[in-house]
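Read through the structure below, which is laid out as structure tokens, and then see the notes.
Coordinate-derived values only; no laboratory data. None of these values were measured; they are calculated from a predicted model. Reconstructed Cβ throughout: ideal geometry from the backbone, glycine too, with neighbour counts over all protein chains shown.
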Amino acid sequence: MTQITPQPGIMDIALYQGGAAHVDGVSNVTKLSSNENPLGASPKAVEAMTQAVTQQHRYPSSDHLALRSAIGETHGLDPARIICGAGSDEIITFLCQSYAGPGDEVLYTEHGFAMYRISALAAGATPVEVKERERVTDVDALLAGCTPQTKLVFIANPNNPTGTMISEAEVTRLADGLPKGAILVLDGAYAEYVEGFDAGAKLIESRDNVVMTRTFSKIYGLGGARVGWGYGPAEIIDVLNRVRGPFNVSVTGLAGAEAAVRDRAYVEHCRRENAKWRSWLADQLAEVGVPSDTSCTNFILARFGSQAEAEACDDFLKARGLIVRRVAGYNLPTALRITIGDEPSCRAVAAGVRDFKAGQGA
């Protein structure tokens, strides 16, 4: 028998399942399972990446200075306190790798992003799941869940897959109530969908225990480029940079992200279009008895009467080439997460759910 064994916690990790992109027997599908921007990336980002392809024989910048400067300029942040990664997932990994290990606890909410648990286990730490209140982050429950072993507390605000968010006052109360030595991580993957929202930047400026993570995968339409970033106290960012690989973001990724973050007009256009069709789709589904909480993201969490009904609706939509996301793995077995697509996609989903519900009553 082999004596080669992985570190404790590794074999407890369930492999991450991305949103499906194919349906057996259906050639023309619409993918609404991964919260991708249906409008794609900014044309300026595409142009910058196309030009960067000619530089593939060169290593990328190891300090990401041009991108960090662009992010700092856009968001009013100190570039020296920004770290870039291969998606915000990598920043989450850095945080667990740097601050959590055997005997430590990492808290997250019951409907929180799967990578919090995965990264905690990979670091040998103990993941601790805390209840939400009606699909909304519960600050009192998180504070009650903290112990002297708590090192990291992750919340997505707005949250995936619920689409809900908590106020700045509640986030502040959480940050102020954590045990000494614990870090609050604010996952702002969907922050750009909330107009005027700083994702916790002001909170970070006045505290030494708060970090935020951001991504170019959602509103910027660069999921395939794998670029994310984090912002926090200088001491924490210094630690994360010590475990970061020197060339962790590609030449094309850096070029595309820099152009994307500077194209503010395109981001605003995407935000407006998303808000318009998100509201329309939520209303259409509510009219046929499929409610959803008010979403602050680029998806809605459609709720059904049972797990069987949710799965039957999913199968019905798949037969029409519409791929949405089952979220039983996020403790939401009676719901489907539906990305807000373009107008034809939203109309097709509304018609599909309406026909499914009509068929139930036939």
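Using Cα centres only, tell me the gap between the stretch 194-234 and the stretch 48-76 in whole Å.
Between the Cα centres of the stretch 194-234 and the stretch 48-76 lies a distance of 17 Å.
Cβ under 10 Å from PRO127's Cβ, PRO127 left aside: what net charge do those residues give with Lys, Arg +1 and Asp, Glu -1?
Cβ neighbours under 10 Å give a net charge of -2.
Roughly how many debye, to the nearest 20, is the charge dipole of the stretch 43-264 about its Cα centre, given +1 on each Lys and Arg Cβ, -1 on each Asp and Glu Cβ, and no other charges?
I would put it at about 500 debye.
Would you work out which of ALA122, ALA144, THR50 lies farthest towards the positive end of the dipole of the stretch 43-264, given +1 charges on the beta-carbon of Lys and Arg and -1 on that of Asp and Glu, about the Cα centre?
Highest projection toward the positive end goes to THR50.
What number of lysine-lysine pairs in the stretch 43-264 show an alpha-carbon separation below 24 angstrom, given a sequence spacing of 8 or more or placement on distinct chains?
7
Which value, to two decimals, describes the C-alpha radius of gyration of the stretch 243-314 once divided by 2.2 N^0.38 Å?
1.68
When the C-alpha atoms of the stretch 280-345 are aligned to their principal axes, what extent does each axis show, in angstrom, from largest down?
Per principal axis, max minus min of the Cα coordinates gives 28, 26, 22 Å.
Taking Rh as the Kirkwood radius, which is the inverse of the mean 1/r over Cα pairs, what is the Rg/Rh value for the stretch 1-116?
1.04
Using a 10 Å cut-off around each Cβ, can you sort HIS111, HIS22, HIS64 from fewest to most neighbouring Cβ atoms?
So the ranking, lowest neighbour count to highest, is HIS22, HIS111, HIS64.
I'd like to know which of ALA169, THR74, ALA257 lies farthest towards the positive end of the charge dipole of the chain, counting +1 on Cβ of Lys and Arg and -1 on Cβ of Asp and Glu.
ALA257
Run the simple label-point estimate for VAL136 and GLU110 please: 7 Å along Cα→C-beta, distance reported in nm.
1.6
Can you give me the relative contact order of the chain as a percent, contacts being Cα pairs under 8 Å and 6 or more apart?
Relative CO of the chain lands at 24 percent.
Would you calculate, for the chain, the mean residue ellipticity at 222 nm contributed by helices, counting each DSSP H stretch of 4 or more residues as -39,500 (n - 2.57) and dividing by all residues, to the nearest 500?
-12000 deg cm²/dmol
For the residues LEU39, LEU203, what sequence is obtained by ranking on other C-beta atoms within 10 Å, fewest first?
Exposure proxy ranking, most exposed first: LEU39, LEU203.
Just for the Cα atoms in the chain, what are the lengths along the principal axes, largest first, rounded to whole Å?
On the principal axes, the chain reaches 62, 55, 49 Å in Cα extent.
Across the stretch 228-240, in residue order, what do the Karplus-derived ³J(HN,Hα) couplings come to in whole Hz, using 6.51 cos²θ - 1.76 cosθ + 1.60 with θ = phi - 60° and x for Gly and Pro?
x, 8, x, 9, x, x, 4, 5, 6, 4, 4, 4, 4
Which of PHE113, PHE316 comes first, and how do the rest follow, when ranked by fewest Cβ neighbours within 10 Å?
Lowest to highest Cβ neighbour count: PHE316, PHE113.
Within the stretch 318-344, list the residues whose amide N lies under 15 Å from a label point set 7 Å along Cα→Cβ of SER27.
321
Is there a quick way to get the dipole size of the stretch 1-79? I mean about its Cα centre, with the Cβ of Lys and Arg at +1 and of Asp and Glu at -1; what is the value in debye to the nearest 20?
With Lys and Arg at +1 and Asp and Glu at -1, about 180 debye.
When the Kirkwood hydrodynamic radius is evaluated over all pairs of different C-alpha atoms of the stretch 196-318, what value in angstrom, to one decimal, is obtained?
Hydrodynamic radius (Kirkwood, Cα only) of the stretch 196-318 equals 17.8 Å.
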